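Right, one structure below, let's go through it.
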Amino acid sequence: MEDKILVTAQFYNDEFASDERQQGMEHLSKYGELVLEKEELHAEDAQGVVASVASSSLYTDAFYEAATDLRIIARWGVGFDKVNVEAATRHGVLITVTPVHMDTVAEYAITQWLATLKRVYTLNRLSHGGDFSIIRTYEAQGSVLGLYGCGRIGQEVAQRARPLLGENGRLLIYDSRPDIGEIAARYGGEVVDSPHALFEQCDTVSLHVSGDDTIVDYDLLTSMKPHASLINPSRGNLVDDAAVNRALNEDKLYYYVVDDPVNGPRTIHKDHPRIICTNHNAGISVESTIRLDQKTIQQVTDVLEHRRPDFILNEEVLDHPRVKEWLNS
């Protein structure tokens, strides 16, 4: 039986078709039959699967239990909540991520920062509605920008924002990592000791945090300046949707930008004139898609040729007997 390689539906999105993608898939097909990844992977989907380029599908314990030939799940992106890292590690399967679109997300954050300061969304709505008013807008130079989280993406944002803030602008950073003082200094930033200190002082706050916990609640939102905006290119669940909707309606802040569609818990935002939702598109561009394709294909290729891939998420799995068997062969 021919080996199988599961591939994300992203590979079949014609919007991002490229010569590089086509060549990569042709290369990948040399190692096994390419099979479209299902939304949920169970035991019956595991036979013969040696690798997967995964997007947002759910990988069950039963799948890993049955996938005795599986070596790697290469995440097309950096989110990993649905690939079931614990089960993968227990069964000797590598999980990799592809942090090759960080600059794309940073450009998105900078774009939204400027667009919200300039009230672009409100001006567009007014003009299309026949209201040609001149309204108050703000400049980036001399303003206060806050970063909640300063990992890879936060640092890319800081690098781009610093020149736009000018001599009198301030870059405030909140992050619990022990080296945050050194990182902030690198970008001319100032560390604050709490989220409240960040939200109270900034004209714009941009979230760059991983995880599933809600970290922005009504109390934090209402500490913002009424003209301030919150940008969330990370995960929608970081912000309490009901709370941000309420705070906006009470004019406690001006805009909320979230890189999530208006569905599920964010259905509450439908048609809100000052809530901007962008369908998980912050990290997706023509260029970043090519990089994501190439990196995941390379990670799978490396593993199937007995090499250690880049960006292993669960490095402890390298000590698993199954991994030692193929990696050292």
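The values are calculated or read from the model by the stated rules, or taken from the named source; none is laboratory data. Note that the structure is a prediction, hence the values are computed from the model and not measured. Every residue, glycine as well, gets a Cβ built from its backbone with ideal geometry; the counts of neighbours run over all protein chains shown.
Suppose we filter the range 1-54 for residues that are crowded, with 20+ Cβ neighbours inside 10 Å, in contact with a helix residue (DSSP H, G or I) (Cβ under 6 Å, 6 or more places away or on another chain) and among the small types (Gly, Ala, Ser); how many remain?
Going through the range 1-54 one residue at a time, the tally reaches 3.
Does PRO261 satisfy the criteria of being over 17 Å from the mean Cα position of the chain (by Cα), more than 21 Å from THR122 (Cβ to Cβ) and either assigned to a loop (DSSP other than H, G, I, E, B) or at pLDDT below 95 (or both)?
no
Mind listing just one residue for me: the one in the range 1-15 that is of a type outside the set (S, T, N, Q) and free of Cβ contacts under 8 Å to residues at least 12 places away in the same chain and, of those, farthest from VAL50 (Cα to Cα)?
Going through the qualifying residues, I end up with GLU15.
Condition (residue is of a type outside the set (Gly, Ala, Ser) and at pLDDT below 95) applied to the range 293-302: is it met by at least one residue?
Scanning the range 293-302, I find no residue that is of a type outside the set (Gly, Ala, Ser) and at pLDDT below 95, so the answer is no.
Going residue by residue through the range 152-168, is there one that turns out to be assigned by TED's automatic domain parsing to the domain that holds ALA247, part of a loop (DSSP other than H, G, I, E, B) and surrounded by 14 or more Cβ atoms within 10 Å (Cβ to Cβ)?
Within the range 152-168, not a single residue is assigned by TED's automatic domain parsing to the domain that holds ALA247, part of a loop (DSSP other than H, G, I, E, B) and surrounded by 14 or more Cβ atoms within 10 Å (Cβ to Cβ).
Is there a residue being surrounded by fewer than 16 Cβ atoms within 10 Å (Cβ to Cβ), out of contact with any Cys (no Cβ under 6 Å at 6 or more places or on another chain) and either in contact (Cβ under 8 Å) with a residue 24 or more places away in the chain or not basic (Lys, Arg) (or both) anywhere in the range 287-300?
Looking through the range 287-300, at least one residue is surrounded by fewer than 16 Cβ atoms within 10 Å (Cβ to Cβ), out of contact with any Cys (no Cβ under 6 Å at 6 or more places or on another chain) and either in contact (Cβ under 8 Å) with a residue 24 or more places away in the chain or not basic (Lys, Arg) (or both).
Select, from VAL239, VAL257, VAL262, the only residue that is surrounded by 18 or more Cβ atoms within 10 Å (Cβ to Cβ), of a type in the set (Val, Ile, Thr), without any contact (Cβ under 8 Å) to a residue 60 or more places away in the chain and in the same structural domain as SER194 (by TED's automatic domain parsing).
Result: VAL239 is the single residue among VAL239, VAL257, VAL262 that is surrounded by 18 or more Cβ atoms within 10 Å (Cβ to Cβ), of a type in the set (Val, Ile, Thr), without any contact (Cβ under 8 Å) to a residue 60 or more places away in the chain and in the same structural domain as SER194 (by TED's automatic domain parsing).
Quick one: would you say ASP203 is modelled with pLDDT of 95 or more and either closer than 24 Å to THR122 by Cβ or not aliphatic (A, V, I, L, M) (or both)?
When the stated conditions are applied, ASP203 passes them.
In this structure, does ALA74 turn out to be buried (at least 17 other Cβ atoms within 10 Å of the Cβ), touching a strand residue (DSSP E or B) at 6+ places or on another chain (Cβ under 9 Å), aliphatic (A, V, I, L, M) and farther than 28 Å from PRO233 by Cβ?
It is false that ALA74 is buried (at least 17 other Cβ atoms within 10 Å of the Cβ), touching a strand residue (DSSP E or B) at 6+ places or on another chain (Cβ under 9 Å), aliphatic (A, V, I, L, M) and farther than 28 Å from PRO233 by Cβ.
Hey, does the range 170-190 have a residue that's within 21 Å of the chain's Cα centre (by Cα), in the same structural domain as ASN263 (by TED's automatic domain parsing), in a loop (DSSP other than H, G, I, E, B) and closer than 27 Å to ASN281 by Cβ?
Taking every residue of the range 170-190 in turn, at least one turns out to be within 21 Å of the chain's Cα centre (by Cα), in the same structural domain as ASN263 (by TED's automatic domain parsing), in a loop (DSSP other than H, G, I, E, B) and closer than 27 Å to ASN281 by Cβ.
Considering ASP213, ASP193, ASP251, which residue is part of a loop (DSSP other than H, G, I, E, B), more than 20 Å from VAL144 (Cβ to Cβ), in the same structural domain as GLN141 (by TED's automatic domain parsing) and acidic (Asp, Glu)?
None of the other options fit; the residue is ASP213.
Determine which member of the set TYR121, TYR138 is out of contact with any helix residue (DSSP H, G or I) (no Cβ under 6 Å at 6 or more places or on another chain), of a type in the set (Phe, Trp, Tyr) and in the same structural domain as LYS225 (by TED's automatic domain parsing).
So the residue among TYR121, TYR138 that is out of contact with any helix residue (DSSP H, G or I) (no Cβ under 6 Å at 6 or more places or on another chain), of a type in the set (Phe, Trp, Tyr) and in the same structural domain as LYS225 (by TED's automatic domain parsing) is TYR121.
Can you tell me which residue in the range 229-248 is nearest to LEU145 (Cα to Cα), limited to those that are in contact with a Gly (Cβ under 9 Å, 6 or more places away or on another chain) and among the small types (Gly, Ala, Ser)?
Among them, the one singled out is SER234.
Results for (1) of a type in the set (D, E, K, R); (2) at pLDDT 95 or above; (3) in the same structural domain as ALA158 (by TED's automatic domain parsing); (4) over 23 Å from ARG291 (Cα atoms), shown as yes or no for each residue.
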site: ALA9; (1), (2), (3), (4): no, no, no, no
site: TYR12; (1), (2), (3), (4): no, no, no, no
site: GLN23; (1), (2), (3), (4): no, yes, no, no
site: HIS42; (1), (2), (3), (4): no, yes, no, yes
site: VAL49; (1), (2), (3), (4): no, yes, no, yes
site: ALA87; (1), (2), (3), (4): no, yes, no, yes
site: HIS91; (1), (2), (3), (4): no, yes, no, yes
site: THR111; (1), (2), (3), (4): no, yes, yes, no
site: LEU117; (1), (2), (3), (4): no, yes, yes, yes
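What tally of residues in the range 71-93 results from selecting those that are out of contact with any Phe, Trp or Tyr (no Cβ under 7 Å at 6 or more places or on another chain) and either aromatic (Phe, Trp, Tyr) or more than 14 Å from ILE312 (Cβ to Cβ) (or both)?
7
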